1. Counting only residues that are β-branched (Val, Ile, Thr) and within 15 Å of the chain's Cα centre (by Cα), how many does the chain have?
2. Looking at the range 7-28 only, could you name the residues that are surrounded by 10 or more Cβ atoms within 10 Å (Cβ to Cβ) and not hydroxyl-bearing (Ser, Thr, Tyr)?
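Read-outs throughout are calculated quantities, based only on the coordinates presented, and are distinct from any laboratory measurement. Bear in mind that the values here come from a model prediction, so they are computed numbers and not experimental data. Here the Cβ positions follow ideal geometry from the backbone for every residue, glycine too, while neighbour counts run over all protein chains shown.
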Amino acid sequence: MTNTERTQRGIEAGAYDTMQLQDGEVQIRHNLHHVDRWVNARTVREALGI
């Protein structure tokens with residue numbers, strides 16, 4: 001079993017309340033947030049948050 005598999009098992013079991021993200025993971029989450037906002041917005045103004 002790899003470290004990644006052990007970590008995933010711990011997450012699924014609820015052993016972790018929080019998890020440290022590396023810089024690349026933070027950037028991916030940030031980009032996903034903005035893509036999701038644009039995809040789900042009804043107008044450009046809503047997508048821009050204005």
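1. Narrowing the chain to residues β-branched (Val, Ile, Thr): 2, 4, 7, 11, 18, 26, 28, 35, 39, 43-44, 50.
Keeping just the survivors that are within 15 Å of the chain's Cα centre (by Cα) gives 11, 18, 26, 28, 35.
Number satisfying all stated conditions: 5.
2. Taking the range 7-28 as the starting set, the residues that turn out to be surrounded by 10 or more Cβ atoms within 10 Å (Cβ to Cβ) are 7-11, 16, 21, 25-28.
If the condition is that a residue be surrounded by 10 or more Cβ atoms within 10 Å (Cβ to Cβ) and not hydroxyl-bearing (Ser, Thr, Tyr), then GLN8, ARG9, GLY10, ILE11, LEU21, GLU25, VAL26, GLN27, ILE28 are the ones that fit.
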